[in-house]
Amino acid sequence: FSALDLTFGGEMKSLATKYSGSQLLQKKYKELEQSVRVEEIDGIKLVKKLAGEMEQMFHKKAEAIKVTVFALIHKPYDNTRSKYEYFNAVLINEMDEEGRSLELGGEFILQPNEHFNNLSVNLSLSVVQVPTNMYNKDSAIVNGVYWSEALNTVFVDNFKRDPSLIWQYFGSAKGFFRQYPGEFSVVFFSFSHFLYAGSYNEELHYVEPCLNGTLVQADVTNKDHFRDHLDKLFAKGIGMLDVALTEAFELLSNFNETGRGSVCSQAIMLVTDGAVETYDAVFAQYNWPDRKVRVFPYLIGRESAFADNLKWMACANKGYFTQISTLADVQENVMEYLHVLSRPKVIDREHDMVWTEAYVDNTRPQAQKLEDAQGPVLMTTVAMPVFSTKNETRNKGILLGVVGTDVPVSEILKAIPKYKLGIHGYAFAITNNGYILTHPDLQPLYEEGKKRRKSSYSSVDLSEVEWEDKEDELRNAMVNRQTGSFSMKVKKTVDKGKRVLVLHNDYYYTDIKGTPFSLGVALSRGHGKYFFRGNTSVEEGLHDLEHPDVLLANEWTYCNTEEHPEHNFLTQIDAIKLYFNGEPHLKCDKDLIQEVLFDAVVTAPLEAYWTSLALNKSENSDKGVEIAYLCTRTGLSRINLFVMPDQLTNQDFLTGEDKEVVFSADHFPLWYKRAAEQVPGTFIYSLPFGTGSENKSVVLASSAIHLLDERESPIAAAVGIQMKLEFFQRKFWTASRQCAALDGKCSISCDNDEISCYLIDNNGFIIVAEDLSLTGVFFGEAEGAVMSKLVSMGSFKSTVLLTLCFGHFYLCISFIHLFIHIYMNSFLSFQHLLSVLFSFICFCRFLVEFNLYSWWHSDLTIKAQRGGKTMLVPCDKEYPAFVSERTIKETVGNIDCESCVKSFVIQQIPSSNLFMVVIDNTCDCSDFGPVNMDPIEIMYILNKKTSLKCERLKFQKERRRPDTCHPFHHEENSMECGGSVGLTPSLISTVLIVLIVTIFPR
C-alpha cells in the first residue's frame, strides 16, 4: 500500500498547500529573514517585568480599599437613629397591589452596563442587602446603614479613578451588606460548617478513624467529609472533660512542634450544656501563665447552673463565654468570638490587606451564562477589616465590618501579554499557601466531551496541575517567594482532554510585591524560547491592518480601552489607529502593536491570493474546501471563505463558540499548537471533537510557518484549511481504488471483504473507516488487539494522565473538633441549634480571616450545587493517552489469537500526522477486547491496614507563614469575657463539644 500512501499523501499535501497559501506565506517571511531580529527570551527578566506590571494593577485595587476603610474609620458612628430610609436591594422599584412603591424601595434608576456583565445597575448609588432572617428596620441595621451612607461618594470616586473596578462592597458586622453599583437582587445567606475529628463518651475515640491524634486542613473536601459524620453523633454514658481538654492541648502542642503549626492565634472552643468544675489543673499544666490558647465556651440550652464555671474558663484563658438557647442567640452572641480575636489588631491599628484564592462567581445570572459558554467565571477578592477606633472601646476589639472589591482573573491575565510567552508558554500565579490564583489548567473538566465544573476552585494546589513536579521544587520555591528557574518534561492535555502534547518546559518565577502572590512563567524549549522583531512603516501596517478579513485576538490587550470611558466602545484596531493619531490618554503595548503591523504587511498578499483561488476554483475537484485561515504569533487572524457563509458545513469554527480553537488570554488556538509540534513543511490533520452529526463534520489541515530553517526557529504563523469530512474520505477511497487499478502498485484493494482499511491520526483517532459510525472513535475501541500490538511494538506510546478534580490542601486554618458526649435525651432542638451554631461560628471565622468572598460567594456555590440537583462527587481520575512514534514509517505485525494469526500493516502518510492501517479480517481476535480511553477513578479505600484516602486527608504541603501575627496584646482587656443571659434553669441533657482552632492569617 506504499503507492496508495504516496498518492493520497501527495494529493492532500498539494491541496492543503494550495488553498492555505502556506508556500506563499513561507516565501514572504523568507524574503524578510535578513531584516528581522531574533532574540532568545530571558526568562528571569521577563517574569520580573510581568510581576512589576501585575504589582501595579493589584496596587490600584488595594488603594481603592484603603480609601474606603479610611472613610469609614473617620466617620463618627451615630447609634441614636431609630428611623432612616435607604434603598433595600430586594425592594427597589417594587410596587404593592395598589401601585405604590414599597417601603425601603422607591424608584431606583437602573441601566444595563457592559462593564458589569450587562447587568442593570446604578453607577451613582449603592444598595443595601439585609438577610431574610433579619428585620430590615432594626435599629442596629438602621444606624449602620446611615453610618455607611458616606460610602456612596467613595465608591463612585474609586470607580472614576480606576474604571476597571467592578463590585465594591462593605459587609457590616451587624449583618447588612452595602454594594456598589446598586442593582436589584435577591440574596440568600448560607454558611459553611466546621470539621470535627473525634467524639467522647466514657473514652476518647475519633469519628474518622484514620485521623487519630492529628489536625486536618479545612478544605472543601474535608469539610464535606466530616460534615457527613455530623448526623452520626450520639450521646451515651458520661465523658470526662479533663481528658478532652488534655487531648486538645496535646494536639495543639504536638502539631506546633512539627513546624507546621501557626504558633499564632490558637483557640479551643467548647460547645456544651454543662461543666461540673473549672478544670483549672488542666489549664495550669498546659496554658498558664502565657495563656497562648484562648478558650471560648458555649453553653447550649436554658440551664444556667454551669454558667459560672464556663465563664471562669473563658476569663482565665483570654476567651469569651456565650450562652445559646435560641436561634436568635446564635446570630447575636457568637460574634463576640470574632471581637476577641480582633482585639490585638485593633489595638495595633493593623488593617491587614487580604487577597483570596480564585473562586467561581456564580451568584448572578450573567455569570452563569458566561460559565455555560466559556467555562467558570473566576474571581479573586481583596478585602480589609474595619475596626472601631474609639479609645473607649479600643481594648475590646470591635470589628465594624469588612470592605472588599472583586477582581476578575481575566483582568489579571490582561497584564500578561501572551505573545511574549510563545505558543505553549503561559503564566500562572499562586498564593503563599500554594493555591492557584490563575493557571491555564484551572479549567473545566471534560466528561464525555462536555464541560463540567470542578467541585472547588479556591483550594487547588499548584502541585495538582503541575503534577510532574513530584518533589514540589517549583511549588515550594514559589511559596517561599524566591526568584529562580526550574525545568521539567510535562504532558499537556488538549482537545477537550483527548490528546496530549509532550513538552520540555523551563519555568521562571518571582514574587509579586505588596501581595501574597508569586508569579511563574513557563516557556517551552525549542521555538518557545525565541522571539523575533520585524519592522515596517506605520502607514503601510495600518493600511493592511484595516482589511476586512483581518481580526485581532479578542482577549488580548493591544490598547487599554477600559481605563477611560470614551474608549470603552473602540475595537482594538480602532484603538491602534487612535493611538497613532496621538491620543494622549490611550495606553497601548507599543511592542505588540509594532509586531502586529509587521504581520499585517507580511500576510496581506494572501488576501489577493485567496481571492484569485476562489474565482478560479474547480467545482469538480476542490468543492469540498470551504475555508482558508491563518494566525500569527501576534494574535492576528485572516479568514477566507470559498463558499457562502450559510453553506459552511461547520459554522462554529474560528467564531469563538469553541474557545479552544481561537486565541484566548492564556492560550494559542489548538490547531496552531498542534501544528507547531509537527515537522516543518508538513500538515497536521484532525477531526474536531464535538462537531456534530456526520454530515456536519469537517477535517482541518494545518501547518506551522517557521521563520528560519533551523528546528529551534521561532514560529511566525500557522495556516490551514477546513474541508468537508465527506470530501476528505472520498479522496482517500478514490486513491485506494486508483492504486488497485494500477498493475503492481497495490496487490490488495480496500474493497476486499477480507481486509479492513483505516486512516488514523497520530493520537489514534479514526478519520476514515468503512463503517462511518467509527469516525472520530479511538482506534483501540474498534481494533483492540491491533492497538495493543502497536503499543507493545512501540509504534504508539501510551502515557497515563492524571486529573485531580478538587483542591486537597487547604492550608489556611487547621482545626479539629473533639466531641464529648456525656448524656443526652432525645432533644431535637439541641441538635438543630448545634448545627446552626457551627454554621455561625464558621461564618465568624471567615470574617476573622477578613475573607469576604467566602461569606458572599463560596457558600452560595455550595448551596447551588446541593439545591435539588444531582451533586457530582469529587474524584481523582487517571486516563491513558496515545501518541505515535515519529520515526516509524512502516510496520508489519502478527497477533496470535485463539485459533489463528491476525496480520496487519501500518504505514505513515507522507507529510502528515496520518497512518493507514490495513487489517486481516479473516482471523477473529475479539477475545482481546477493546482498548479504550475511559478515565479510571482512583479509589481511596479506607481499611485498617492501608488507607490512601486517609493519607490524602492528613497530607499537608509546605506553605509560607504570614508576615504578621497578632495573637495577643498586653493592653487588651481580657476580663471582657462574656456572661450569662439570665435564663431560667431547666433539667436538660449534657453534651460537650471541644473545638481546637489554630488560625493562620493569610
Quiz item: Over the stretch 416-528, what is the mean sequence separation of C-alpha contacts under 8 Å (at least six apart), divided by residue count, expressed as relative contact order in percent?
Solution: 30 percent
Quiz item: Using the heavy atoms of the protein chains alone and a 1.4 angstrom probe, what is the accessible area of the stretch 416-528 per residue in square angstrom?
Solution: 30 Å²
Practice problem: Work out the FRET efficiency for residue 470 and residue 225 from their Cβ-Cβ distance, taking R0 = 25 Å, and round it to the nearest 0.05. | Solution: 0.45
Exercise. Would you tally the net charge around residue 302, using a Cβ to Cβ cut-off of less than 13 Å, leaving residue 302 out, and scoring K and R as +1, D and E as -1?
Key: -3
Self-check item: Highest to lowest packing among 957-967, 503-513, scored as the average C-beta count within 10 Å
Solution: 503-513, 957-967
Quiz item: So, with a 1.4 angstrom probe, what is the percent of accessible area on the stretch 416-528 that is carbon and sulfur?
Solution: 44 percent
Exercise. Could you work out the local net charge near residue 178, counting Lys and Arg as +1, Asp and Glu as -1, over the other residues with Cβ closer than 14 Å to its Cβ?
Key: 0
Quiz item: What's the extension gain from residue 33 to residue 752 if we count 0.36 nm per residue and subtract their Cα-Cα distance?
Solution: 253.7 nm
Quiz prompt | Modelled FRET efficiency - R0 22 Å, residue 164 with residue 591, Cβ distances, 0.05 increments | solution = 0.50
Practice problem: Please work out the FRET efficiency for the pair residue 483 and residue 569, using the Cβ-Cβ distance as r and a Förster radius of 41 Å; give the result to the nearest 0.05. | Solution: 0.50
Self-check item: Segment residue 42-residue 964, length gained on full extension (0.36 nm per residue, minus Cα span)
Solution: 328.5 nm
Quiz prompt | Stretchable slack from residue 285 to residue 11, in nm (0.36 nm times residue separation minus alpha-carbon distance) | solution = 90.0 nm
Exercise. Rounded, prolate or oblate: pick one for the stretch 474-546, where a ≥ b ≥ c are the square roots of the eigenvalues of its C-alpha gyration tensor, a/c under 1.5 means rounded, and failing that, prolate if a/b is larger than b/c, else oblate.
Key: oblate
Self-check item: Per principal axis, descending, Cα span of the stretch 515-597 in whole Å
Solution: 37, 34, 23
Quiz item: Could you name the aspartates and glutamates in cross-link range of residue 45, using Cα to Cα under 14 Å and dropping any fewer than eight places away on the same chain?
Solution: 53, 506, 511
Practice problem: Could you pull out the pairs from 489/513; 174/311; 345/396 whose alpha carbons sit more than 18 Å apart here? | Solution: 489/513; 174/311
Practice problem: Please compute the net charge surrounding residue 85, taking Lys and Arg as +1 and Asp and Glu as -1 over other residues with Cβ under 12 Å from its Cβ. | Solution: +1
Quiz prompt | Prolate/oblate/rounded label for the stretch 416-528 (Cα gyration tensor, a/c 1.5) | solution = oblate
Practice problem: Over the stretch 559-693, give the accessible area per residue in Å² for a 1.4 Å probe, as an integer. | Solution: 41 Å²
Self-check item: Above-threshold pairs, the threshold being 21 Å between Cα atoms, out of 13/789; 61/587; 28/420
Solution: 13/789; 28/420
Quiz item: Does the stretch 540-692 come out rounded, prolate or oblate by the C-alpha gyration tensor, with a ≥ b ≥ c the root eigenvalues, rounded set by a/c under 1.5 and, if not, prolate when a/b is larger than b/c and oblate if not?
Solution: prolate
Quiz item: Once both labels are modelled 7 Å past Cα along the beta-carbon direction, what's the residue 924-residue 118 spacing in nm?
Solution: 5.8 nm
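The values are calculated or read from the model by the stated rules, or taken from the named source; none is laboratory data. Bear in mind that the values here come from a model prediction, so they are computed numbers and not experimental data. Don't worry about glycine lacking a Cβ; one is built from the backbone with ideal geometry, like all the others, and counts go over all protein chains shown. Heads up: the accessible areas ignore ligands, DNA and RNA and are worked out on the full protein's heavy atoms, side chains in. Shrake-Rupley method; radii C 1.70, N 1.55, O 1.52, S 1.80 Å.
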